[in-house]
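What follows is a single structure, written as structure tokens, with notes after it.
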Amino acid sequence: VMDDAANIMLNNAMSDLFDKLEHKPIRIPQFQVESFDRKAGAKAKTTYDTKPEVTLPKLKKIKIQPKEIKITDADLQKELEGMQKNMARNILKEEGEAVENTDLLEIQYKFKEEGKEFPEASQTGKFQMGATQNPPGFDSELSGMKLNEEKEFNFRYPDSFPASPESAGKQFVYHVKVTAVYRVTYPEINDDFASEVDGSANLQALKDKTKKQLEELFNNALKRKVTEEAYAEIIKDTKFLIPESLIHEETDGVFHNFIHEFRLPHTTLPEYAKRLGKEESEVRASFAQAAEKRIQTYLLKHKIGEDNKITLSEEEIVAGFEKEALSQGIPVESLMKEVQKQKAETFYRDKFLFDKIDEFVYGEVDKKSPKAVSTEDAEKLLSGKE
């Protein structure tokens, strides 16, 4: 009874105290009752972590360099050739016709590392002659073969072969039987081709449409990249007071996301550190860096939204779900059912709000004149290689 009375007293006291506290608790505090007397009253105390504090810099002091894509005729030709390959036609070659450099083969094959035994069963598959991912020199072993012909040959992989690192530098023995040979033909890139691709009136119309799509795709991606760079600069000039307990909790979250993303067996952070032969503190510190950055970005966006009174209207939320459904290629009704099933309304509302805050930040920071970049440079920037 005394414990129940103490809990009621503390809950009532917190209700009265909460609005008067200068520093709000991040979660409900756990009290320790020091004394309790029916006549004299009770005394209890607690130590709690406060909500994080964020002090923003002036956004207009942040300088960024926007990037703008420059689509060349060569870029358009590359896209058209990609469409052309997707519309390839395979014509079965007659028995007795030799394999040529651009043919598509159906083969039965087995292989072994030199000095070992062949597996009992053969495998079946397709092999595109002349494909860029083929190991150098492999095509020449198959060139000239004919339907139902069998061949056994030795092949040594190059010392560096990223497509199959486990094969690099090793010598294998292959036994191959050709079961079908197709001559691969491509439609000519002309007005008829444009009409077949998507109903375009002519080739120029397809080029114009393709160029617009490429510009939109790259420019949106480059804008997101530059906005990320802006946030990185803002974070440098922002003062954060974040409780260690919050970073600790988020570190566990980042670790579990890592395990899930790479489909590793379920484990705890201490067990994972032990498996790596490292101290738990060292492994936790590596995940804590990502956790702190995630917290900082989340708090920063909320603070910018709060200070600038950025909110979402119901119309914007509806539009956000429609855009999300379009990007996922599903009806908006199906998306809404899944959102309700997963109880993900808050996640998506935050996403839509943060998209709006990103637009605000991009508009506020100091931008130099856009720098034109090629698709090659843009891909490097977006992949983090530059």
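The values are calculated or read from the model by the stated rules, or taken from the named source; none is laboratory data. None of the values given here were measured: they were computed from a predicted structure. Neighbour counts run over all protein chains shown; Cβ positions are idealised from the backbone, glycine included. Note: areas computed on protein heavy atoms with side chains; ligands, DNA, RNA excluded. Shrake-Rupley method; radii C 1.70, N 1.55, O 1.52, S 1.80 Å.
Things worth noting here:
- Some residue of the range 161-174 being of a type in the set (Phe, Trp, Tyr) and within 19 Å of residue 129 (Cα to Cα): yes
- Members of the range 239-283 found to be in contact (Cβ under 8 Å) with a residue 60 or more places away in the chain, surrounded by 13 or more Cβ atoms within 10 Å (Cβ to Cβ) and hydrophobic (A, V, I, L, M, F, W, C), listed by number: 240, 242, 246
- Test: residue in the range 104-113 that is touching a residue at least 12 places away in the same chain (Cβ under 8 Å) and part of a loop (DSSP other than H, G, I, E, B): no
- In the range 151-197, the residues that are assigned to a strand (DSSP E or B) and among the polar types (S, T, N, Q): 154, 171, 179, 185
- Among (1) surrounded by fewer than 14 Cβ atoms within 10 Å (Cβ to Cβ); (2) touching a Gly at 6+ places or on another chain (Cβ under 8 Å) - the single one residue 330 does not satisfy: (2)
- The lone exception for residue 234 - which of (1) at pLDDT 95 or above; (2) part of a loop (DSSP other than H, G, I, E, B) it fails: (2)
- Scanning the range 84-104 for residues that are of a type outside the set (D, E, K, R) and within 10 Å of residue 146 (Cα to Cα) turns up 96, 98, 99.
- Residue match in the range 356-366 (condition: over 19 Å from residue 222 (Cβ atoms) and touching a Pro at 6+ places or on another chain (Cβ under 6 Å)): no
- Odd one out for residue 199 among (1) out of contact with any Lys or Arg (no Cβ under 9 Å at 6 or more places or on another chain); (2) open to solvent by 80 Å² or more (accessible area, probe 1.4 Å): (2)
- Residue count for the range 147-177, restricted to those that are open to solvent by 90 Å² or more (accessible area, probe 1.4 Å) and either of a type in the set (D, E, K, R) or touching a helix residue (DSSP H, G or I) at 6+ places or on another chain (Cβ under 9 Å) (or both): 5
- Number of the condition not met by residue 190 [criteria: (1) open to solvent by less than 70 Å² (accessible area, probe 1.4 Å); (2) touching a Lys or Arg at 6+ places or on another chain (Cβ under 8 Å)]: (2)
- None of 223, 212 is modelled with pLDDT of 95 or more, within 17 Å of the chain's Cα centre (by Cα), open to solvent by 50 Å² or more (accessible area, probe 1.4 Å) and not hydrophobic (A, V, I, L, M, F, W, C) except 223.
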